[in-house]
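Please see the structure below; I have some questions.
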Amino acid sequence: MFVLVNLKAYPCDPIEVATAAADVSDDSDVRIAVAPQAAHIDAVADTGVETWAQHVSPNEHGSHTGSTLAEAVADAGAVGTLLNHSENRLKLADIDASLDAADRADLETIVCANNPDQIGAAAALGPDAVAVEPPELIGTGTPVSQADPDVVTGAVDAAARVDGDVDVLCGAGISSGEDLVSASDLGATGVLLASGVAKADDPRAALEDLVEPLN
Ligand SMILES: O=C[C@H](O)COP(=O)(O)O
């Protein structure tokens, strides 16, 4: 299973979370990556944890003030990027162009989507993976795997119909090892999570709890 911890704009210590994630990943068989704020990518990557960007712009080098260039996040140490998170929705043409930008910079890609229909459309754009997240469950602590298992199995089927090579993650409300096992049982090959770790009093303990059933 792949666990991608999105720190969003939470006021956590990105280095504390990254260091814990690197250690827990090393001590388990679980691939764990952290997606910090763009300004923290460099420092987070220095901890040795697999580091992702939360977003990259569709732009190439040029006059694009405020852009987050794929090339820049790769230079800072990111190896992948989320795209189209429900808190940073993109137009279809921009998802496509951001995927091209990520390809140019050799970044792995996960395109997020709300539901199985959107997952099928996202998979058709050729990312490495897609992530289904019902927006109403994000940050609630109620796991998608429990509240809406059909959306996970529907996403797995929708992606497989379009391109069997595209991995499917699920996210929203995931915080425990039990949630991770349920996600895997539903066919997901990874989870995208945020508040369960970024808002935890003890992020290391939260990560250890997450991977415990897989060890
Ligand atoms: O990117 C992560 C997802 O939006 C899930 O967030 P959450 O784990 O706080 O529900």
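Throughout, read-outs are computed from the coordinates displayed, never taken from laboratory work. Values in this document were obtained by computation on a predicted structure and should not be read as measured data. Reconstructed Cβ throughout: ideal geometry from the backbone, glycine too, with neighbour counts over all protein chains shown.
Over the chain, with a Gaussian network built from C-alpha contacts below 10 Å, which listed residue (140, 109, 19) shows the highest mean-square fluctuation?
Top of the fluctuation ranking is 140.
Projecting each Cα onto the charge dipole of the chain (Lys/Arg +1, Asp/Glu -1 at the beta carbon, about the Cα centre), which of 109, 61, 187 comes out farthest on the positive side?
61
Could you check how many percent of all C-alpha pairs in the chain are farther apart than 23 Å?
40 percent
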